[in-house]
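A short worksheet on the structure shown next.
What follows is calculated from the coordinates using simple rules that are stated; it is not laboratory data. Everything numeric here is computed off the predicted structure, so don't read it as measured data. Here the Cβ positions follow ideal geometry from the backbone for every residue, glycine too, while neighbour counts run over all protein chains shown.
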Amino acid sequence: MDCATSPSPATAAVLRTLALVGHPNVGKSVLFHRLTGTYVTVSNYPGTTVEVSRATPRFDREASLLDTPGVLALPSRSDDERATMRALLNEDMRTLIQVGDAKNLRRTLNLTALLAELGVPMVMALNMTDEAKARGVTVDAGALAEALGVPVVATVATGGEGIAALTDALSRAAVPAPLLRYDPVLERDIARVEQLILANCPHPRLAARGLAILAIGRDSEVADWLAAQPGSADVRTALAELTAPTGRDTLPARLARERSSAAEALARTVTRQAAGKDRTLSMLLGRVAVHRLWGWPMLLGVLYLVYLFVGDFGASTLVGLLEEDFFGEVLNPAVTDFVTRHISTPWLADLIVGEYGLWTMGMTYALALILPIVTTFFLAFGVLEDSGYFSRLSVIANRMFAAIGLNGRAVLPMVLGLGCVTMATLTTRILHTPRERLITIYLMALAIPCSAQLGVVLGLLGGISFGATVIWVLAIVGVLLFTGWLASKVVPGKRVPLVTELPPMRMPVLGNVLKKTGGRLKWYLIEVIPLFLIGTLIMFGLDRSGALPWIIEAGKPLVVGWLGLPPEASAAFVMGFLRRDFGASGLFALQSELSMIQAVVGMVTITLFVPCIASLMMIIKEQGMKVAALMLAMIIPTAFLIGGLLNHGLRLIF
Amino acid sequence: MNATPSKPIPQPHERIRLIGTPVGRMVRIDDFGDEIDPLQREQLHAYGLSAAHAVKVLQQQPMTVLLCEHVELAIEHAVSRHIWVQPA
């Protein structure tokens with residue numbers, strides 16, 4: 001969620017570049033932190049890293065180390081895999097550090113079989129050797145190094161084991177020996193394309209043979225790179241002429257299958273499997289989490305614990321202490337007293353400590369109302385993501401997501417959206433098709449509240465009754481499912497069935513959870529405080545100019561007539577245009593005037609209201625201006641339509 | 001984990017669908033059906049599911065869950081229905 005590093009290709013052009021590459025969830029980001037001291041978010045699910053991060057390694061201040069998104073396989077197929085392929089193609093790549101999972105060497109070598117063809121010196125970090133040992137798996141690192149012709153270092157990145165040996169091994173990095181020769185027909189095609197690349201558009205770093213294999217495998221990034229090279233016309237013509245060999249498999253599938261066989265053969269010779277524990281608490285919890293019956297009580301239990309921690313402890317106890325007791329009784333009266341005594345200009349004093357004052361509204365909302373809520377949320381969230389539970393949710397949620405044209409993989413960005421929709425929008429890159437990404441981004445923009453908004457909702461509705469919270473949840477989930485179902489009918493393309501890895505359940509490391517929470521809070525406050533202050537300033541300006549009373553009056557038919565809210569709620573919706581949680585805070589401030597129905601209707605409407613400015617910018621970045629505008633045009637009427645229907649429906653019942 | 005109805009034990013060389021394999025059974029991947037999308041077939045290879053490789057079936061509901069070299073894989077029935085296996 002936070003990104004401590006920023007890409008700077010201009011700088012990289014003069015620096016030696018090393019890159020951590022490997023499968024998702026094998027510990028690349030932990031190693032990156034160990035080797036550079038720079039923290040990037042680390043979690044226990046595939047797809048935590050969707051963009052390349054860059055930092056200077058401790059062992060060589062003249063170099064640049066990249067942390068790349070995990071690749072299930074190359075040629076690249078998903079957006080995060082394409083980001084890794086782009087880094088391989090466009091950076092001055094001097095050394096690759098392949099990070100592999102020691103307990104699944106065959107899969108690691110499957111990727112090695114392709115990386116070895118790229119002609120870049122390499123070192124292998126065989127990570128998670130502790131987990132392999134617990135399962136009775138031993139890898140003969142010496143024999144593997146001999147076979148590959150590159151240093152192989154056993155590491156446990158989370159515990160810092162093997163890091164020094166890995167750093168030492170970098171000076172011995174070597175171009176790996178090829179793991180296989182493809183069958184003669186494939187070899188003939190590869191050689192033909194390789195020769196054409198060498199003759200017409202050689203890559204400054206990557207071997208033509210590796211590029212040929214990737215191009216024949218239909219890697220879109222390599223295709224784009226070739227298209228951008230002058231003189232690549234012959235290569236592209238040759239690629240177009242390549243027809244699938246006889247049999248039902250496509251060329252890419254045949255290449256993949258041969259690599260897989262070669263990886264299996266080598267893995268078998270260097271791996272020993274002794275009896276390991278076949279029933280641990282981690283395994284038992286993992287099975288319960290995806291069990292068709294027990295998975296649901298476990299999910300409800302987890303949600304209830306989160307509710308108790310965030311909604312009850314964070315949004316009630318902590319907010320009560322901070323907002324009512326500290327800010328309300330001590331700090332704000334003191335600041336108001338100080339300002340009124342020292343500033344004689346009434347409007348200026350009002351700007352700081354008035355009804356729409358920068359301190360009494362902007363800072364008080366940001367620090368006293370939102371901060372305790374997001375802190376408890378990020379803590380709970382960090383524990384859950386490090387435990388590996390989120391990946392298992394994809395199995396439980398798969399059937400429900402099938403109804404909206406998605407598969408369970410989409411649950412990951414949606415759950416991450418409960419932390420921050422902006423960054424979750426970026427995480428949709430782990431989804432495999434543009435259709436899945438479009439539907440998921442739309443649903444998140446419409447119906448996934450971010451942590452701050454969620455906290456305000458839980459704080460307000462939880463204070464009224466548990467039933468009010470349940471109505472809000474049912475309304476939002478109902479809208480999510482119905483809109484998703486409609487979107488799946490409208491957006492062309494077919495649904496992709498789910499095939500996914502389930503990482504082991506692990507005990508979260510307190511240090512990592514705290515570090516992540518700290519990083520997220522810092523990022524959050526940097527974004528929120530300026531926006532809250534700008535929002536307050538706008539509200540102050542509207543109030544002073546007489547526009548706010550006019551807006552409240554003009555909004556009456558919609559806000560009072562249709563939604564059944566007090567007229568002042570119009571101001572909250574104006575605030576909601578800047579950030580939904582700011583708008584929700586506006587409703588929270590009106591809580592003493594709201595009935596149960598009004599509170600539920602207000603919170604449902606503001607939850608479905610426009611995404612925050614940062615999310616909107618991210619949607620534009622990922623989907624383009626036209627799609628973003630279309631989404632907005634659908635979201636705003638939907639929010640008011642649902643809010644009004646709920647208002648009238650609830651009044652019939654209660 | 002799941003209670004499954006007793007099923008006849010497949011004989012060696014008898015090809016069955018992964019979706020019909022009893023929980024707890026070790027099986028070898030035999031083939032992927034044409035119904036599986038080529039990209040998804042590549043994905044299955046990348047996860048380590050390849051011909052003649054032995055995997056253990058951990059669960060069949062709500063999805064097929066396999067243990068493939070100490071890594072658990074969840075496979076939707078729409079795919080596991082078209083994966084052919086043999087008893088290991």
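Look at the stretch A:65-76: the mean tally of other chain Cβ atoms within 10 Å of its residues' Cβ atoms is 1. Hey, if you drop one equal point scatterer on each alpha-carbon of the stretch A:501-654 and run the Debye formula without solvent, what base-10 log of I(q)/I(0) do you get at q = 0.10, 0.14 Å⁻¹? One equal scatterer on each Cα of the stretch A:501-654 leads to -0.47, -0.82.
To check you understand DSSP bridge types, tell me what percent of the beta bridges within the stretch A:9-172 (both residues inside) are antiparallel, rounded to 5. Of those bridges, close to 15 percent are antiparallel. Taking N as the residue count of the stretch A:70-215, its C-alpha radius of gyration divided by 2.2 N^0.38 Å amounts to 1.10. Other residues lying with their Cβ under 13 Å from the Cβ of A:GLU264 contribute a combined charge of +4, Lys and Arg counting +1, Asp and Glu -1. Think of the protein assembly as shown as having a plus end and a minus end, set by charges on the Cβ of Lys, Arg, Asp and Glu; of A:THR108, A:PHE381, A:LEU266, A:LEU266 sits farthest toward the positive end of this dipole. Look at the Cα gyration tensor of the stretch B:16-87: its axes a ≥ b ≥ c give a/c under 1.5, and that counts as rounded.
Peptide A:394-400 has a mean shielding of 3, counted as Cβ atoms of other protein chains within 10 Å of each residue's Cβ.
Local charge for A:PHE59 was computed over the other residues whose Cβ lies under 15 Å away, with Lys and Arg +1 and Asp and Glu -1, and equals +3.
Looking at chain A, send over the antiparallel percent of its DSSP beta bridges, to the nearest 5.
Counting only bridges with both partners in chain A, antiparallel ones make up about 30 percent.
For the stretch A:62-98 versus the stretch A:585-610, the spacing of their alpha-carbon centroids is 46 Å. Considering only the Cα atoms of the protein assembly as shown, their convex hull presents on average a projected area of 34.8 nm².
Helix A:580-589 and the longest principal axis of the C-alpha atoms of chain A enclose an angle of approximately 30°. Using the Stokes-Einstein relation with a Kirkwood hydrodynamic radius computed over Cα pairs, the translational diffusion coefficient of the stretch A:184-273 at 37 °C and a viscosity of 0.692 mPa s comes to 233 µm²/s. Go ahead and estimate [θ] at 222 nm for chain A from helices alone: -39,500 (n - 2.57) per DSSP H run with n ≥ 4, summed, over the residue count, rounded to 500. Theoretical 222 nm ellipticity from helices: -18000 deg cm²/dmol. Computed from the C-beta positions of A:HIS342 and A:LYS133 and an R0 of 56 Å, the FRET efficiency is 0.25 to the nearest 0.05. Taking R0 as 35 Å, what FRET efficiency do you get between B:ALA52 and A:ALA191 from their Cβ-Cβ distance, rounded to the nearest 0.05? It comes out at approximately 0.75. Counting only aspartates and glutamates at least 8 places from A:LYS103 when in the same chain, those with an alpha carbon closer than 20 Å to its own are A:ASP130, A:GLU131, A:ASP140, A:GLU146, A:GLU161, A:GLU264, A:ASP278, A:ASP386, A:GLU501, B:GLU69, B:GLU72.
Within the straight-line cut-off of under 26 Å between alpha carbons, the lysines reachable from A:LYS494 are A:LYS621, A:LYS626, sequence neighbours fewer than 8 places apart in one chain being disregarded. At what distance in angstrom do the alpha carbon centres of the stretch A:286-314 and the stretch A:530-545 lie from each other? One Cα centre to the other: 40 Å. Between A:ARG651 and A:LEU198, the contour length at 0.36 nm per residue exceeds the alpha carbon distance by 155.6 nm. Counts of other chain beta carbons within 10 angstrom of each beta carbon in peptide B:58-67 average 5.
Helix A:105-115 and the longest principal axis of the Cα set of chain A meet at an angle near 80°.
For chain A, the longest principal axis of the Cα atoms and the long axis of helix A:332-342 meet at an angle of about 70 degrees. Shown here for the stretch B:35-78: GluC sites (Glu not before Pro) in loop regions (DSSP other than H, G, I, E, B) with at most 12 other Cβ atoms within 10 Å, namely B:GLU35.
Put simply, when A:456-462, A:174-180, B:81-87, A:159-165 are sorted by average Cβ atoms within 10 angstrom per residue, most first, you get A:456-462, B:81-87, A:174-180, A:159-165. Magnitude of the charge dipole for chain A, about its Cα centre and with charges confined to Cβ atoms of Lys, Arg (+1) and Asp, Glu (-1), is about 1780 debye.
Across chain A, the longest run free of exposed loop sites, meaning trypsin sites (Lys or Arg not before Pro) lying outside DSSP classes H, G, I, E and B with no more than 11 other Cβ atoms within 10 Å, spans A:280-493.
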